[in-house]
Amino acid sequence: MGAKARITKFLDKISSKPITRYAVYFIGILFFIMIILVPPILGITLKLNLFMDVVNDPALTSRALNAIFNSFAIAIFVGLIDLAAGIPAAWFIARGKSRWLNVVDTLADLPFIIPTVALGYSLLLFWNSSYGVSGLFGGSLISPGWVLVILLHFVFSFPIVVRVMVGALMDYQYVYEEAARTLGAHPVGAERTVTFPILKPSIIGAFVLAFARSISETGATIIVAGTFENGAIFIQKLNTPGNLAPLVFASSLLILIAIAIFAVIQVLGPRLKIPVHRVSPSFERRLSGKKMVSLRDGVTLFTFFIIILLPALFVLGSAFPALVDGTLNNALAAKGPFWQQYWPSLALSYFIGFVATLVNVVLGLPMAIMIARKRMGKTVSAVFDLLVNIPIIVPSVALGFSLGLFWRGLPLTIPELLLVIFAHIAITYSYFVKSLAAAISRIDFEMENAARILGARPFAVFRTIILPLVKYSFFAGAIIMFTRSVSETGATLAVISPTSPLKTVPVLLVNYIKSLITPTGVGMSSEVGLGCGFLILFSVIILLLLRFVIRGRGRY
Amino acid sequence: MPDVKVVSVTKTFGDGKIVAVDDVSLEVHDKEYLSLVGPSGCGKTTLLRLIAGLIQPDKGEIYIDNVSMKNVPPEDRGVGFVFQTYALFPHMNVWRNVTYGPHIKALDEKNAAALGRETLEMMRLYERSDAYPSELSGGMMQRVAVARALAAGAKLLLLDEPLGALDAKIRNELRYDIRHLVKDLGLTAIHVTHDQAEAMAISDRIAVMRKGKILQVGTPTELYMNPEHLFVANFIGESNFLEGYVIGVDEGLTKIKLRGNLTVNSANAKVGEKDERIVLAVRPEALRLQRGLKKTQNGLQGKVKDVTFEGTVTRYEILLANEDRVIVTMPSLAGEPYNMGEEVTVSFEPEKSHVFPYPPRGLMDELKLE
């Protein structure tokens, strides 16, 4: 018997013992509490005494409150317009019969996997530079500011809404709509009175994710914001020695308000009534007609290609000159100050991403199983299910800042790299746990019972039944964690000191791109373009790797 | 009141790879209760959905009340559809579900409420108006689904295995309730089921489908007494099948040689050529048993291999002298029961048998329930 078989047999054997199972869940819970939940909460709480320093400075208070308000206003607005654009796109993908369907389905994920710093530069080039659509209007069409921030957040949150809604529509039992049609409802009427109310939980879920994504975004926002200031930019700007009080003020308010909004959505969301009582058969008949459907699809495609995809990929245009003007050679040979920083930064980003992913996979797995199977009882599991949402909905820059406060406050010398890793672990943890918990809960528990009755020990049930069935969600969750970590800017900036030699690739690119911005628009740099291009290329490779690994297997 | 005409309708899926409905023509008369029966996957639900307008045929036409339904969407066909899974809207209570049809068509509120109340009272569910589907039993959900279809004002009711998800006792009760309701309201109904006993109990006529085609349409009696197809003889009721050859035809009787040189006569042969290979079908209740070895018309000698008491009838499995096996059912109270191993003579009247051509792909393939 080989070593692997011996280890497997040993693990199978000890997994039968209740103490082993409790120990595994205990470690998972302890990890969540000590590394994910407590540090950011405690870090801020211990410094709340600095609140009054800000309150006593009206100008600073006003600036901070304004910035915080901007963060939430934009996040809520972006969430709503993402729903308005994302739901028709999801409808088009899930229900459409057009030949553009597969194209849109494949391309819809792109803005999600493009690192946000590359997205920010791409949008800036498209809307603000003479190389983009601005060139057609003889100047800067959209200057850096809140409009560009909204456009940016709209673009990178759009795929989240589309994927959630496509999944919901695929799971939705179309028979309800058929029933409504046989009772006399036109398609639009059936969708409004039957489909949307049933899909409401998914719509709310999609809104929350888009909102959370917007509120957390820092790096690309810095690039496109100009003088506009939201909470993340406020924290990043003031992250210098002597500004602890306003940072505590802003971070704590961002965290508290985000949690409050999330709680309100959870409580009031299910009570939100979609108007089903008012009817207008003739109007809904017109809306259901072929012309209106074509118009709707046309607007959906236009929005997707012109407002979302083209601006998102525009940065690749700046990478093409690099292929012929010698920049590529410099890149591959690491010649020049940019490339001498770029490759080590990229390696650092991928290293941090890898470590964060590995730690979260190993230690998040018990939490996912515990939530999905309610191992600690219904109430406890439900509480953890709720708490696991916190790292997603809390702005990552605030999370990173308070995390940094906590760990630096301990009587230990913690290397900055470890702080960054802790921050990335905290930020990405929930993506994996939620995704995996949802997948496991969809597996009929009778399958586990059947395996146990046939003689499988708990660990054997997990590796032979659960894991193969959740392979898709497992790897998808891991990939999302990894790409999220590689893209993460805000928390990194919040944790490292301004003079830190540690520069992840998004931080490096943000600094370079900021230097390209002039009053007349952003300049094009083939180095930065190629750097962004490499990031996109590697992200696409990772996505293809995911599809290759899980190809055709049973998907949960 | 509507009648329905299906004219040469074909429906395929998977780019033509799966032929779900294959050149089907069918007429359902006004106020008729017609059942579509057949094994799973035979196309009966597809045909129903074509009539409802939920899918469109690749070829052929469908007429409701002599009006072509080409390009007419389901909401404009005036049909009521009861789904197999009921499809009750989970976010609406019973009242809102039932009044959905009149409401979505913006009918007068008072009339809509009156219709809703009337149909719920018909279904004995008015007191449960505030309940949500998740709070109802299977039988209640089924009745709400029927009430909802009726309250929408449908004159043509399409029922897709409405009793499939219910337990046997409730199924037996509800099947008659549905029929009585349809007849009392003067509706036309097309009822899909794979349960031939259910179809026999409640239908004016039955259409038997297999592999996308309609094999035979007739009253339950016609289908049972005069099946025109081997599959129909097997699917509707039960039959014994014996293989043989035609020896000749004499005075309207077709003489048949079975295996082991046993000869019998049949008065209902769909074949007549000498030496033609055939299958003889006889229902278990059409076979008579006599003790001992007797010489009698259409007599076949054998031994009792198995006895099953089923209450009203007793079922005997007889191993014939030629190694064929037949099932004989006899009223349990008609005389002394037969014992295992007892020698008996099995016989039947020529008029109570049917002869079919031997199927090209073999008997087992022809009788397969798919």
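Where strands (runs of 3 or more DSSP E) fall wholly inside segment B:250-353, the ranges with 3 or more residues that are surrounded by 13 or more Cβ atoms within 10 Å (Cβ to Cβ) and not β-branched (V, I, T) are B:253-258, B:277-282, B:288-291, B:300-309, B:313-320. Among the residues of segment B:33-63, those that are in contact with a helix residue (DSSP H, G or I) (Cβ under 8 Å, 6 or more places away or on another chain) and either of a type in the set (G, A, S) or within 14 Å of chain A (Cβ to nearest Cβ) (or both) comprise B:S35, B:G38, B:A52, B:G53, B:L54, B:I55, B:Q56. Of everything in segment B:78-87 that's part of a loop (DSSP other than H, G, I, E, B) and at the interface with chain A (Cβ under 8 Å from one of its Cβ atoms), which residue is surrounded by the most Cβ atoms within 10 Å (Cβ to Cβ)? Filtering first and then ranking leaves B:A87.
Quick check on segment A:179-229: of everything there that is in contact (Cβ under 8 Å) with a residue 40 or more places away in the chain and basic (K, R), which residue is farthest from the other protein chains (Cβ to nearest Cβ)? Of everything passing the filter in segment A:179-229, A:R213 is farthest from the other protein chains (Cβ to nearest Cβ).
Hey, among the residues in segment B:147-178 that are of a type in the set (A, V, I, L, M, F, W, C) and assigned to a helix (DSSP H, G or I), which one's surrounded by the fewest Cβ atoms within 10 Å (Cβ to Cβ)? Don't jump to the end; show me each part of the working.
Filtering segment B:147-178 down to residues of a type in the set (A, V, I, L, M, F, W, C) leaves B:147, B:149-152, B:154, B:156-159, B:163, B:165-166, B:168, B:170, B:174, B:178.
Among the residues that remain, those that are also assigned to a helix (DSSP H, G or I) are: B:147, B:149-151, B:168, B:170, B:174, B:178.
Working: B:A147: 28, B:A149: 27, B:L150: 26, B:A151: 27, B:A168: 8, B:I170: 16, B:L174: 19, B:I178: 21.
In this case the residue turns out to be B:A168.
Could you say whether any residue in segment A:192-201 is more than 23 Å from A:V486 (Cβ to Cβ), β-branched (V, I, T) and buried (at least 24 other Cβ atoms within 10 Å of the Cβ)? It would help to see each step written out before you state the result.
Residues of segment A:192-201 that are more than 23 Å from A:V486 (Cβ to Cβ), as a first pass: A:192-201.
Those still in the list that are β-branched (V, I, T) too: A:193-195, A:198.
Applying the additional criterion that residues be buried (at least 24 other Cβ atoms within 10 Å of the Cβ) yields A:193-194.
The answer is yes, given that some residue of segment A:192-201 is more than 23 Å from A:V486 (Cβ to Cβ), β-branched (V, I, T) and buried (at least 24 other Cβ atoms within 10 Å of the Cβ).
Residue under question is B:V72, and the condition is that it be at pLDDT below 95 and either touching a His at 6+ places or on another chain (Cβ under 9 Å) or at the interface with chain A (Cβ under 8 Å from one of its Cβ atoms) (or both); does it hold?
Working: at pLDDT below 95: yes; either touching a His at 6+ places or on another chain (Cβ under 9 Å) or at the interface with chain A (Cβ under 8 Å from one of its Cβ atoms) (or both): no.
So B:V72 does not fit the description; no.
Quick check: anything in segment A:264-282 farther than 23 Å from A:Y431 by Cα, part of a loop (DSSP other than H, G, I, E, B) and away from chain B (no Cβ under 14 Å)? Checked against the condition, which is being farther than 23 Å from A:Y431 by Cα, part of a loop (DSSP other than H, G, I, E, B) and away from chain B (no Cβ under 14 Å), segment A:264-282 yields no hits at all. Selection of segment B:137-194 for residues being in contact with a strand residue (DSSP E or B) (Cβ under 8 Å, 6 or more places away or on another chain), away from chain A (no Cβ under 14 Å) and under 26 Å from B:D76 (Cβ atoms) yields B:I178, B:V182, B:L187, B:T188, B:A189, B:H191, B:V192. Scanning segment B:210-224 for residues that are surrounded by 22 or more Cβ atoms within 10 Å (Cβ to Cβ) and of a type in the set (A, V, I, L, M) turns up B:I214, B:L223.
Checked against the criterion of being in contact with a helix residue (DSSP H, G or I) (Cβ under 8 Å, 6 or more places away or on another chain), assigned to a helix (DSSP H, G or I) and at pLDDT 80 or above, the candidates A:I160, A:I142 yield just one match: A:I160. Screening segment B:225-249 for residues that are touching a residue at least 40 places away in the same chain (Cβ under 8 Å) and more than 25 Å from B:L319 (Cα to Cα) and picking the one that is surrounded by the fewest Cβ atoms within 10 Å (Cβ to Cβ) gives B:N226. For segment A:144-170, filtered to residues that are touching a Leu at 6+ places or on another chain (Cβ under 9 Å) and over 29 Å from A:T218 (Cβ atoms), the residue that is nearest to the other protein chains (Cβ to nearest Cβ) is A:A168.
When only residues in segment B:179-203 that are part of a helix (DSSP H, G or I) and more than 16 Å from the chain's Cα centre (by Cα) count, which is surrounded by the fewest Cβ atoms within 10 Å (Cβ to Cβ)? Explain how you work it out, then say what you get.
Going through segment B:179-203, the residues part of a helix (DSSP H, G or I) turn out to be B:179-185, B:196-202.
Retained after the next criterion (residues that are more than 16 Å from the chain's Cα centre (by Cα)): B:180-185.
On the way: B:H180: 11, B:L181: 19, B:V182: 21, B:K183: 14, B:D184: 9, B:L185: 16.
The residue in question is B:D184.
Checked against the criterion of being surrounded by fewer than 23 Cβ atoms within 10 Å (Cβ to Cβ), away from every other protein chain (no Cβ under 12 Å) and in contact (Cβ under 8 Å) with a residue 60 or more places away in the chain, the candidates B:N111, B:N93, B:N66 yield just one match: B:N66. From the list B:V264, B:V217, the lone residue that is in contact (Cβ under 8 Å) with a residue 24 or more places away in the chain and assigned by TED's automatic domain parsing to the domain that holds B:D23 is B:V217. Kindly establish whether A:A180 is under 21 Å from the mean Cα position of the chain (by Cα), farther than 29 Å from A:F432 by Cα and at pLDDT 90 or above. Judged against the criteria, A:A180 is not a match. Checked against the criteria, A:Y342 counts as over 22 Å from the mean Cα position of the chain (by Cα), modelled with pLDDT of 90 or more and not in a loop (DSSP other than H, G, I, E, B).
Kindly evaluate B:S25 against the criterion of being hydroxyl-bearing (S, T, Y), part of a loop (DSSP other than H, G, I, E, B) and either surrounded by 21 or more Cβ atoms within 10 Å (Cβ to Cβ) or more than 13 Å from chain A (Cβ to nearest Cβ) (or both). For B:S25, the condition - hydroxyl-bearing (S, T, Y), part of a loop (DSSP other than H, G, I, E, B) and either surrounded by 21 or more Cβ atoms within 10 Å (Cβ to Cβ) or more than 13 Å from chain A (Cβ to nearest Cβ) (or both) - is not met.
The values are calculated or read from the model by the stated rules, or taken from the named source; none is laboratory data. Treat the numbers as computed from the prediction; the structure is a model and nothing was measured. Glycine gets a Cβ as well: all are built from the backbone with ideal geometry, and neighbour counts include every protein chain shown.
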